[in-house]
């Protein structure tokens, strides 16, 4: 597997400010950031916000692989009593299973890229969607 440039690398930084007269501030506290490591499969994070008998679920798909991600979809459990619509894509159903298919502008995610999509809905009795997977690989719930 070929790593993306800088993949899985930690970078440290600090800031110094200058004004128009050339005065210099003290060095700020050091900070650090880490780039995502290259993985064999793309990853996804899911956050569901419930309000009454309604919900909004936001799904972020991150392509941490070295190849473009195409033909992807999100599968999840959704009770048949819950009505849904997709954000940046469409939702299709089969009983208590649902599939989110991205809109054309998100069908390909290049290496290091990401897409944020969503599902919203409501129902009575109410139960939010659960058990999200990206092409069969479980998503992380945040």
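The values are calculated or read from the model by the stated rules, or taken from the named source; none is laboratory data. Predicted model only: the values in this text are computed from it and were never measured. All Cβ positions, glycine included, derive from the backbone under ideal geometry; neighbour counts span all protein chains shown.
Which residue, of 48, 116, is in contact with a strand residue (DSSP E or B) (Cβ under 8 Å, 6 or more places away or on another chain) and either outside any strand (DSSP E or B) or crowded, with 17+ Cβ neighbours inside 10 Å (or both)? That would be 48, the only listed residue that is in contact with a strand residue (DSSP E or B) (Cβ under 8 Å, 6 or more places away or on another chain) and either outside any strand (DSSP E or B) or crowded, with 17+ Cβ neighbours inside 10 Å (or both).
Among the listed residues 84, 99, 133, 90, which satisfies the condition of being within 13 Å of the chain's Cα centre (by Cα) and part of a strand (DSSP E or B)? Selected residue: 133, the only one of 84, 99, 133, 90 that is within 13 Å of the chain's Cα centre (by Cα) and part of a strand (DSSP E or B). Exactly one residue out of 22, 95, 28, 71 is closer than 16 Å to residue 131 by Cα and out of contact with any strand residue (DSSP E or B) (no Cβ under 8 Å at 6 or more places or on another chain), and it is 95. Of all positions in the stretch 62-73, at least one carries a residue that is at positive phi and either surrounded by fewer than 18 Cβ atoms within 10 Å (Cβ to Cβ) or free of Cβ contacts under 8 Å to residues at least 40 places away in the same chain (or both).
Just one of 88, 135 is in contact with a strand residue (DSSP E or B) (Cβ under 7 Å, 6 or more places away or on another chain), surrounded by 13 or more Cβ atoms within 10 Å (Cβ to Cβ) and not assigned by TED's automatic domain parsing to the domain that holds residue 13; which is it? So the residue among 88, 135 that is in contact with a strand residue (DSSP E or B) (Cβ under 7 Å, 6 or more places away or on another chain), surrounded by 13 or more Cβ atoms within 10 Å (Cβ to Cβ) and not assigned by TED's automatic domain parsing to the domain that holds residue 13 is 88. It is to be established whether one or more residues within the stretch 29-44 are assigned to a strand (DSSP E or B), in contact (Cβ under 8 Å) with a residue 60 or more places away in the chain and under 30 Å from residue 81 (Cβ atoms). The answer is yes; a qualifying residue exists.
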